[in-house]
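So the structure is just underneath, and the comments pick up after that.
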C-alpha cells in the first residue's frame with residue numbers, strides 16, 4: 001500500500017513538472033478545445049471562489065477531485081444548473097454510491113443549452129430559413145478508494161463531445177486526484193489533474209466543398225470534391241493543489257476556509273480562495289474570490305448560501321445558490337439541489 005502511495009505521488013510530481021515546463025511564460029489563452037470543461041460545477045464550490053479541490057465532499061467531487069468521493073457515505077445525487085452568459089445554460093447531473101471496502105463509484109453527465117440559431121450566408125445575411133445549434137457534453141465515470149485512513153486516491157475517465165451544425169469532435173480524457181488528511185487537526189492537502197487526454201478535431205459534412213482548381217480556364221471541371229482541413233486542439237489541462245481547514249466555534253458554528261493554486265495549460269497561474277460559515281449543519285453562508293493575481297481575468301468575487309434539511313434518519317436534501325461576478329460579461333448564477341441517503 002505504501003508503494004502505491006509513493007507511485008501516485010511520483011506520478012503527480014512527474015506530470016506536474018512536465019506540464020510546467022511546457023507552458024513557460026505563455027498564457028496560450030484561446031488555444032484549447034472544449035473550454036466549457038473549465039466551468040465550475042456545484043453552487044457550493046462556485047460560491048467559495050472555486051477553491052474546492054481539498055474539500056470535494058459531495059457529488060461534484062467527480063469534477064473537482066475524484067479522490068473526495070472516497071470519504072462520502074451512502075448514496076447521493078446532485079442536479080446543478082448554470083446560467084452562463086450569452087444566454088447559454090449548462091446542466092450537470094452527478095451521483096455516487098459507496099461500495100464499502102470496494103471504494104466509491106460515481107457517474108456524471110454535463111450538457112449545454114445553446115438554443116437554435118439562424119443559418120446565415122453572405123448572400124442571405126437575414127437567414128436561409130434553416131436553424132442550427134451547438135452541443136457541449138461530457139460523460140464521466142469515477143472511482144475512488146481510501147488507501148489508508150488518511151490518504152485517498154481517485155480517477156475519472158470521461159468522454160468529451162462537441163458539435164456545431166454538421167460538424168462534431170470527440171476526445172477521451174482522465175482526471176486524477178489525491179487527498180491527504182494531515183496530522184494537523186482539520187487540515188486537508190489535495191492535488192488533482194484534470195482533462196489529461198487526447199486532442200479534438202472537428203469533422204463532418206461541412207468540411208466538404210466543390211472546388212474550381214483553375215478559375216482562369218473555361219471548360220474544365222469546376223466541381224472537384226474537396227475537403228477543408230481542420231486542426232486538432234488539446235483539452236484545457238489543469239493542475240490544482242489545495243489546502244482546506246475546518247474548525248468549530250462552539251457546537252453549532254463551523255467555519256471552513258480553502259485555498260487552491262492553479263496551473264492551467266491555457267493561461268497563467270492563479271489562486272482561488274474561499275470560506276464557508278455553517279450554522280447547526282442547516283444554514284450556510286459562503287464567499288470567495290477566483291483568479292487572484294490573474295490580471296486578464298474577468299472572474300472575481302463570488303457569493304452564495306445553502307440550506308440543508310434532514311427529512312428522515314438517512315435522507316437529507318440540500319439547496320445551494322451561487323452568484324459570481326464576471327466583469328464586463330454577464331454575471332453568472334448557479335442553482336444546485338442535492339439528495340443524500
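The values are calculated or read from the model by the stated rules, or taken from the named source; none is laboratory data. As the structure is a computational prediction, the values presented were derived from the model and not from experiment. Every residue, glycine as well, gets a Cβ built from its backbone with ideal geometry; the counts of neighbours run over all protein chains shown.
When residue 299 is tested against (1) closer than 30 Å to residue 168 by Cα; (2) surrounded by fewer than 20 Cβ atoms within 10 Å (Cβ to Cβ); (3) without any contact (Cβ under 8 Å) to a residue 60 or more places away in the chain; (4) in contact with a strand residue (DSSP E or B) (Cβ under 9 Å, 6 or more places away or on another chain), just one condition goes unmet, and that condition is (2).
Checking 321, 277 one by one, the residue that is in contact with a helix residue (DSSP H, G or I) (Cβ under 6 Å, 6 or more places away or on another chain), closer than 18 Å to residue 58 by Cβ, surrounded by fewer than 20 Cβ atoms within 10 Å (Cβ to Cβ) and at pLDDT 95 or above is 321 and no other.
For region 135-185, the set of residues classified as more than 30 Å from residue 205 (Cα to Cα), in a strand (DSSP E or B) and over 15 Å from the mean Cα position of the chain (by Cα) consists of 143, 144, 145, 146, 151, 152, 153, 154, 178, 179, 180, 181, listed by residue number.
Filter region 82-99 down to the residues that are within 18 Å of residue 340 (Cα to Cα) and in contact (Cβ under 8 Å) with a residue 40 or more places away in the chain and list them by number. Once the filter is applied, which keeps residues that are within 18 Å of residue 340 (Cα to Cα) and in contact (Cβ under 8 Å) with a residue 40 or more places away in the chain, region 82-99 yields 92, 94, 96.
Do we have residue 189 as under 30 Å from the mean Cα position of the chain (by Cα), touching a residue at least 60 places away in the same chain (Cβ under 8 Å) and not in a strand (DSSP E or B) here? In short, no.
If you go through region 100-134 one residue at a time, how many are in a loop (DSSP other than H, G, I, E, B), closer than 20 Å to residue 341 by Cβ and out of contact with any strand residue (DSSP E or B) (no Cβ under 6 Å at 6 or more places or on another chain)? Can you show your working first?
So the first thing to find is which residues in region 100-134 are in a loop (DSSP other than H, G, I, E, B), and the list is 103, 114-116, 119-130, 133.
Those left that are additionally closer than 20 Å to residue 341 by Cβ: 103.
Within this subset, residues satisfying the condition of being out of contact with any strand residue (DSSP E or B) (no Cβ under 6 Å at 6 or more places or on another chain) are none.
Final tally of qualifying residues: 0.
Out of 311, 329, I need the residue that is modelled with pLDDT under 95, in a loop (DSSP other than H, G, I, E, B) and out of contact with any strand residue (DSSP E or B) (no Cβ under 6 Å at 6 or more places or on another chain). Which one? Step by step, each of 311, 329 is checked, and only 329 is modelled with pLDDT under 95, in a loop (DSSP other than H, G, I, E, B) and out of contact with any strand residue (DSSP E or B) (no Cβ under 6 Å at 6 or more places or on another chain). Taken over region 14-65, residues that are over 14 Å from the mean Cα position of the chain (by Cα), modelled with pLDDT under 95 and assigned to a helix (DSSP H, G or I) amount to 9.
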